[in-house]
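Following: one structure in structure tokens, then a few remarks.
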Amino acid sequence: MAELATIARPYAEALYQVAKKHDVKAWGQALDALSQVAQDADLRQFADNPKVSVDQVYAVMTAAAKQTLAPELQNFLRAVIENSRLDALPAVVGQFHVLANAADGVADAHIYSAYPIEPAQLAEVMGSLEKRFGRKLLPQVSLEPSLIGGIRVVVGDEVLDTSIKARLERMKVALAA
């Protein structure tokens, strides 16, 4: 996985530098669509076929993404296809979003909860989390029943785990010591 991140970083940085001159949000949406398409196993198999040209893969991807791409994004996509880097495209898009969010002073907060979180509860939790992490956060909530109760929040490389599962693990370690 670290290899994909290493491959993705220069692409993401170059994309972001060009996107700053245009509409970063629109570029992010187009890149998200391309990333979704690139994750399809059938497309990857099609792209890996030596009898298939770059233009054919490009045509399939743009049709499946249903996005009008800026000329710079068209060139980017062609470069990714020509260099056989479709597997790295989701990582590129992820790093692009991290760069865009950092420039805006925002970070993604991945919230894992054992139970669905109501909008009012989420607003309250986000207020506390933004104070705790010191920046504006964009929540992405996922259900993870194995937590038993509570939440686990991941912001970048920081983790705040207030789940019942984590508390039980800490108790287990304390009792075993």
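Some notes on this structure:
- One residue alone among 128, 142 is in a strand (DSSP E or B), without any contact (Cβ under 8 Å) to a residue 40 or more places away in the chain and not aromatic (Phe, Trp, Tyr), and that residue is 142.
- Tallying residues that are open to solvent by 30 Å² or more (accessible area, probe 1.4 Å) and in contact (Cβ under 8 Å) with a residue 12 or more places away in the chain within the range 112-125 yields 6.
- For the range 146-173, taking the residues that are under 26 Å from residue 97 (Cβ atoms) and among the hydrophobic types (A, V, I, L, M, F, W, C), the one that is farthest from the chain's Cα centre (by Cα) is identified as 147.
- Any helices (runs of 4 or more DSSP H) falling wholly within the range 1-111 and containing at least 1 residues that are open to solvent by 30 Å² or more (accessible area, probe 1.4 Å) and within 26 Å of residue 134 (Cα to Cα): 2-19, 24-38, 89-104
- Note on the range 134-165: residues that are surrounded by 15 or more Cβ atoms within 10 Å (Cβ to Cβ) and more than 27 Å from residue 106 (Cα to Cα) amount to 1.
The values are calculated or read from the model by the stated rules, or taken from the named source; none is laboratory data. Note that the structure is a prediction, hence the values are computed from the model and not measured. With ideal geometry, Cβ positions are generated from the backbone for all residues, glycine too; neighbour counts draw on all protein chains shown. Quick note on the areas: whole protein, heavy atoms, side chains included, nothing else; ligands and nucleic acids left out. Shrake-Rupley method; radii C 1.70, N 1.55, O 1.52, S 1.80 Å.
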